[in-house]
Amino acid sequence: MKSILFVCLGNICRSPIAQGVANKFVSKNHLDIVVDSCGTGDYHKGENPCQNSIKVSTEHGIDISKHQARAITKEDFKQFEMIVALDDSNIANLLKMGCPKEKLHKLGSFGYDNQDVPDPYFFNGFEGFEKVFLMIESCVHTLIKGIQK
Ligand code: 4NP
């Protein structure tokens, strides 16, 4: 079965949104794709997503409130077919940890000029989360449309 793991740093802001968007698309289109997310760091292990990520997702009809943050493991490198990082520093960390290059992708390469998805955790206020959501949504849809067949 196809499988995608979205990876950011803390697994509390960006990758849980990507996971939520992907899961909604997968179930709406009755696809057989396993989706998960994690962080390269374990600073927030066991925590639910940040309030603004929950809020922006809820506004788009997606409930990510029950996700619990976890850090990537070596097992993930075997289990998942695609490992999709949210920015270049995640890519660098994943390569250092032994992620197979051929599995590793950057979310921004799916229609956003290979841009980093900026970390809204360090933004002031909510506005940045809406921008980040729309960027993630567009890239995730393009990614899945490309592999669904
Ligand atoms: P994320 O954002 O990688 O999008 O989940 C972060 C949230 C918290 C921290 C880093 C990134 N932190 O170091 O506390």
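The values are calculated or read from the model by the stated rules, or taken from the named source; none is laboratory data. Quick caveat, the model's predicted, so the values are computed rather than measured. FYI the Cβ positions are ideal-geometry reconstructions off the backbone, even for glycines, and counts take in every protein chain you see.
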query: Taking segment 113-129 as the search range and keeping residues that are within 15 Å of the ligand (Cβ to nearest atom) and assigned to a helix (DSSP H, G or I), which one is modelled with the lowest pLDDT?
result: 122
task: Would you check which residues across segment 9-20 are small (Gly, Ala, Ser), within 8 Å of the ligand (Cβ to nearest atom) and either farther than 24 Å from residue 122 by Cα or not in a loop (DSSP other than H, G, I, E, B) (or both) and list them?
output: 15
message: Against the definition (over 20 Å from residue 49 (Cβ atoms) and surrounded by 13 or more Cβ atoms within 10 Å (Cβ to Cβ)), how does residue 72 come out, yes or no?
response: no
task: Hey, could you check segment 21-35 for residues that are assigned to a helix (DSSP H, G or I) and not small (Gly, Ala, Ser) and say which is surrounded by the fewest Cβ atoms within 10 Å (Cβ to Cβ)?
output: 28
field: Sole exception among (1) closer than 19 Å to residue 23 by Cβ; (2) of a type in the set (Phe, Trp, Tyr); (3) in contact (Cβ under 8 Å) with a residue 60 or more places away in the chain for residue 110, by number
entry: (3)
Total residues in segment 86-110, condition surrounded by fewer than 17 Cβ atoms within 10 Å (Cβ to Cβ) and part of a loop (DSSP other than H, G, I, E, B): 3
message: If the requirement is being of a type in the set (Val, Ile, Thr), in contact with a helix residue (DSSP H, G or I) (Cβ under 9 Å, 6 or more places away or on another chain) and either exposed (fewer than 15 other Cβ atoms within 10 Å of the Cβ) or part of a loop (DSSP other than H, G, I, E, B) (or both), which of these qualifies: 54, 64, 83?
response: 64
- prompt: Do any residues in segment 20-48 that are in contact (Cβ under 8 Å) with a residue 60 or more places away in the chain have Cβ atoms under 9 Å from those of residues that are among the small types (Gly, Ala, Ser) and surrounded by 20 or more Cβ atoms within 10 Å (Cβ to Cβ), where the two are at least six apart or on different chains, and which pairs are they?
  reply: 21/57; 22/37; 33/22
- request: Count, please, the residues in segment 60-97 that happen to be touching a residue at least 12 places away in the same chain (Cβ under 8 Å), of a type outside the set (Gly, Ala, Ser), out of contact with any Cys (no Cβ under 7 Å at 6 or more places or on another chain) and farther than 17 Å from residue 43 by Cβ.
  value: 13
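Yes/no per residue for (1) in contact with a Ser or Thr (Cβ under 8 Å, 6 or more places away or on another chain); (2) under 20 Å from residue 98 (Cα atoms); (3) among the small types (Gly, Ala, Ser); (4) within 15 Å of the ligand (Cβ to nearest atom):
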position	(1), (2), (3), (4)
1	no, no, no, no
7	yes, yes, no, yes
47	no, no, no, yes
51	no, no, no, yes
55	no, no, no, yes
60	no, no, no, no
67	yes, no, no, yes
71	yes, yes, yes, yes
80	yes, yes, no, no
